[in-house]
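Everything below concerns the one structure shown next.
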Amino acid sequence: MSRDRRRLGPEEEALWGAVKRSVTPLRPEPPVPPPPPKPPVPEAAATPPADIATSTQAPAKPPAGRPALPPMHTLGRRERVKVVRGTTAIEGRLDLHGLRQDEARARLEGFLYRAQANGFKLVLVITGKGRPGGDFTALHEPERGVLRRVVPMWLSLPEFRALVVGYEEAHLAHGGGGALYIRIRRRK
């Protein structure tokens, strides 16, 4: 059955407009980008000379920019359950406890290159949760766990994107917030 929709009257339209302006949407609409401006055409180039117009050569292609970085993907729900239950093996582990950032980055990069060369699909990188101080308040300070914060940032960098399909926080059985599951990209 089709449902006929009636048009709003001018008073109803004004009322509906006031309601729309007074609320904030749960999911804001993405802004529509303005159309790209047309490049100005110089008058000399507007009329091509006769010798160029009859040329049989194809026009030169503009230089290609940097290739787009591959997207990051996390483990799917089923895949995560298989990892937690042990039916999907974690093929490599790297423990970065107690290392400085420069040491940890070098070890992580070497480990990921070796994992990709060996054809591994899933590895576990243990960053640790950070060293707590002597009192309770030190547990909740933002400076706790430097490697825990910087390793995900490193994995998002272009040099690591060629090695990594995606990453996510590990299950409690594998270290929880102090460890990451990392999916390794296949070699081409």
ALA45 meets each of (1) modelled with pLDDT under 85; (2) surrounded by 11 or more Cβ atoms within 10 Å (Cβ to Cβ); (3) not hydroxyl-bearing (Ser, Thr, Tyr) with one exception, condition (2)
I'd like the residue in the range 71-123 that is among the hydrophobic types (A, V, I, L, M, F, W, C), part of a helix (DSSP H, G or I) and in contact (Cβ under 8 Å) with a residue 24 or more places away in the chain and, out of all such residues, is surrounded by the fewest Cβ atoms within 10 Å (Cβ to Cβ).
ALA117
Output the residues belonging to the range 158-183 that are assigned to a helix (DSSP H, G or I) and surrounded by 17 or more Cβ atoms within 10 Å (Cβ to Cβ).
PHE160, HIS174, GLY178
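The values are calculated or read from the model by the stated rules, or taken from the named source; none is laboratory data. Since this is a predicted model, take the numbers as computed values, not measurements. Neighbour counts run over all protein chains shown; Cβ positions are idealised from the backbone, glycine included.
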